[in-house]
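Student: My questions will all concern the structure given below.
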Amino acid sequence: MFNTLRSRLWLSYAMIVTILLVVCSIGLFIGLRQSPFLSRQVVNQLNVSSDLLVRRLEPILDLDSEELQAAFLEETADATVQAAILDNEGDVIASTFQNNVDLISFIQEQNSLQQASQSDVALVEDQDEKEWLYQVSPLSGSLYLLTASAKPQYNYRMMQDELLGPLIQAGLFVLLVAFFISLFLSKWIDLPLRRMAESADALSQGDQINIPMQGPKEVRQLAQTFNSMSQQVTASARSQREFIASVSHEIKTPLTSIQGFAQAILDGTVHTKKEINKAASVILIETNRLHRLMLDLLTLARLEAGTDDMQTEMVSVKAMLQNMVDKFSILAEQNAIQLKLNEPPDVFVLGDGDRLAQVFSNIIDNALKFTPVHGKVEIAADAVENDIIIQIEDNGIGIPLDEHERIFERFYQVDSARKYGKKKGFGLGLSIAREIIQSHHGQIWVENNPDEGSVFFVKLPIFMNKR
């Protein structure tokens, strides 16, 4: 029954209102019992009655005891309090205390009549633990007038008769108001959450629905986080689909060649030694291509998972770049490309020298591959604060601006590279390079050459404790 947010909000409001009403009722009952409000009327009544009776009794005080008793009862017949005339010794001369004559002795035990007559209304408790308010007023002839009235008690029955009904009515009204308030608040709070549930359900079906940035600050932050997560999940799912499609495409071509030439050998279509050697050569080439693809995929997987076994050492940037130039100098000469290294700073980085060499080998190889004859590839490095920034600049065919980020994705290849490249790759080299650089706490990015071509940047932290 209470398995929805709206019903739970309403139940919470109802419980809070009910608890508040109960607490307020108990507090009101205790407060009324302890409050002097009810006793104040009795005190005023005692003061008025005492003054009135003193004036009435003064003329009859000289009567004998029987006549005084009769006259006293006549004068106090309309009194709202109980009264008694006491002599100086505390003996009762006349009294209307019919049902509680022992109260007079309790009052005398508490104070003498002379002391009591000099004070205001006092409180005394009788043998039944009932509380009384009393006042002693002096009369002529060493006599005293005692007036008393029971202290009113606010009991449960009085509360039930006078307060319980209005409290129930007020409680029902407040519950009704709380119900409508909870409907409004539940809609206000529940709507963004419902949208998130719908978006999550759509995301599980492969669709992405962005949640509007509405509601309280915390709900907006949750919606923003959910939208970001949804985009990442969608991008990851798309990347996985593209990855599977790309792997299938890259594997399909060499497998087709291997299958075709192997079938030709088995069928006897190729029977001369020259033809068999040619078929075997194609099978070997395509097998090596598949082997390189599998190695690249395993390397990329280990780098992304952080399980690649890297050997950490101090690597000289200057020596590493010089080795790169020496390595590719012959290839550059064969293609009539000028490969130049500007004097780099003599700094060290902490990392795996072989993996870093793999990164720069891939970048320089691509630069030479897509640079036209008589072009130029220039390598430079600058120390900026605690980092070394290495740049490889070429004046080749360049990379479109909208593809600067995508070239680091797995299997992504620029269309121009497919058209003009001298050697087709798998599109994994830059993905592996980015993972290697990131594992060294660095960055890699590409920018367009203002003249023509591209400039690759690699940023690595300098090892500051070199000795």
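The values are calculated or read from the model by the stated rules, or taken from the named source; none is laboratory data. Quick caveat, the model's predicted, so the values are computed rather than measured. Note that each Cβ is placed from the backbone with ideal geometry, even for glycine, and that neighbours are counted across all protein chains shown. Surface accessibility is based on the protein's heavy atoms, side chains included, excluding ligands, DNA and RNA. Shrake-Rupley method; radii C 1.70, N 1.55, O 1.52, S 1.80 Å.
Student: On a full-extension model of 0.36 nm per residue, what is the gain between Asp309 and Leu266, subtracting their alpha-carbon distance, rounded to one decimal in nm?
Tutor: In short, 11.2 nm is gained.
Student: Give me the dipole magnitude in Debye, nearest 20, for region 203-309 about the Cα centre, with unit charges on the beta carbon: positive for Lys and Arg, negative for Asp and Glu.
Tutor: 200 debye
Student: Which listed residue (Gln334, Leu284, Asn323) has the Cα farthest towards the positive end of the charge dipole for region 246-341, taking +1 on Lys and Arg C-beta and -1 on Asp and Glu C-beta about the Cα centre?
Tutor: With unit charges placed on the Cβ atoms, the residue in question is Gln334.
Student: Give me the percent relative contact order of region 198-327, please, defined on Cα pairs under 8 angstrom at least 6 residues apart.
Tutor: Contact order relative to length: 14 percent.
Student: What value in Å³ per residue do you get for the convex hull of the alpha-carbon atoms in region 268-327?
Tutor: Per-residue hull volume (Cα only) is 146 Å³.
Student: What is the ratio of the Cα radius of gyration of region 232-283 to 2.2 N^0.38 Å, where N is its residue count, to two decimals?
Tutor: 1.78
Student: While we're here: Protein chains only, probe 1.4 Å: how do Arg56, Arg292 rank by accessible area, largest first?
Tutor: In descending accessible area the options line up as Arg292, Arg56.
Student: With a 1.4 Å probe and all protein chains kept in place, how much accessible area does His271 have, in Å² rounded to the nearest 10?
Tutor: 130 Å²
Student: While we're looking at this one, here's another question. Do any of Lys327/Lys369; Lys318/Lys340; Lys318/Lys369 go past 19 Å between their Cα atoms, and which?
Tutor: Among Lys327/Lys369; Lys318/Lys340; Lys318/Lys369, the Cα-Cα distance tops 19 Å for Lys318/Lys369.
Student: Same structure, new question: Near Gln263, within a Cβ-to-Cβ distance under 15 Å, what is the net charge of the other residues, with Lys and Arg +1 and Asp and Glu -1?
Tutor: Summing Lys and Arg as +1 and Asp and Glu as -1 gives -2.
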